[in-house]
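Inspection log for the structure reproduced underneath, given as structure tokens.
The values are calculated or read from the model by the stated rules, or taken from the named source; none is laboratory data. Remember, it's a predicted structure, so these values are computed and weren't measured experimentally. Heads up, the Cβs are rebuilt from the backbone with ideal geometry, glycines too, and the neighbour counts pull from every protein chain shown.
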Ligand code: FNR
């Protein structure tokens, strides 16, 4: 049986280094792991409990459906203002009540041009994911500083240490929940 992972980039920018990194990680994946990409972050309404009634907005239903169908989730995100990008946090806020992250295997990768590798966004994201009962997998917390020096123009990871770290993350995230 294949393992279906959902990848989410926390950057809405066309030339995002985190989206490029997410795609490079997807390219590293091998069977039985298969990825799909969630790209609706920019279309979600701002979280408002008043809208979270009955079936809720269609965009939110779609996010919840894609999360529900996934065996695990890979998040690659920048840090903005020492925190999680608002659009990504907004998406997670929609999931607090519906619970699709409960017992979901998750890895969090933050990439940044700074030497800190987005450590504050990473830590903040873990706080939220723990609150909604996600399982942060072994080796599933990766901070990548100086991202521009670690990928080439073709979008491949050129830094060997980074690549090994991401392969270990991927091997861990690609294990199934059952049998643990
Ligand atoms: C940033 N950046 C940034 N980086 C960081 O490590 N910590 C931070 O707090 C911030 N804050 C921040 C605020 C704003 C308004 C901008 C525009 C940028 C830099 C950020 O990491 C860099 O622009 C990345 O390239 C953004 O990620 P993507 O879009 O390349 O994936």
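General observations
- In segment 1-39, residue farthest from residue 171 (Cα to Cα) [restricted to those that are free of Cβ contacts under 8 Å to residues at least 40 places away in the same chain and touching a helix residue (DSSP H, G or I) at 6+ places or on another chain (Cβ under 6 Å)]: 38
- Among the residues listed as 57, 78, the single one being under 14 Å from the mean Cα position of the chain (by Cα), at pLDDT 95 or above and farther than 16 Å from residue 136 by Cβ: 78
- On inspection, residue 128 does not qualify as in contact (Cβ under 8 Å) with a residue 12 or more places away in the chain and within 16 Å of the ligand (Cβ to nearest atom).
- Residue count for segment 24-39 satisfying the condition of being surrounded by fewer than 17 Cβ atoms within 10 Å (Cβ to Cβ) and under 13 Å from the mean Cα position of the chain (by Cα): 3.
- Condition met for residue 74 (assigned to a strand (DSSP E or B) and in contact (Cβ under 8 Å) with a residue 60 or more places away in the chain): yes
- Of all residues in segment 136-150 being within 18 Å of residue 120 (Cα to Cα) and in contact (Cβ under 8 Å) with a residue 60 or more places away in the chain, the one that is surrounded by the fewest Cβ atoms within 10 Å (Cβ to Cβ): 147
- Condition check for residue 166: away from the ligand (no atom under 16 Å from the Cβ) and surrounded by 17 or more Cβ atoms within 10 Å (Cβ to Cβ): no
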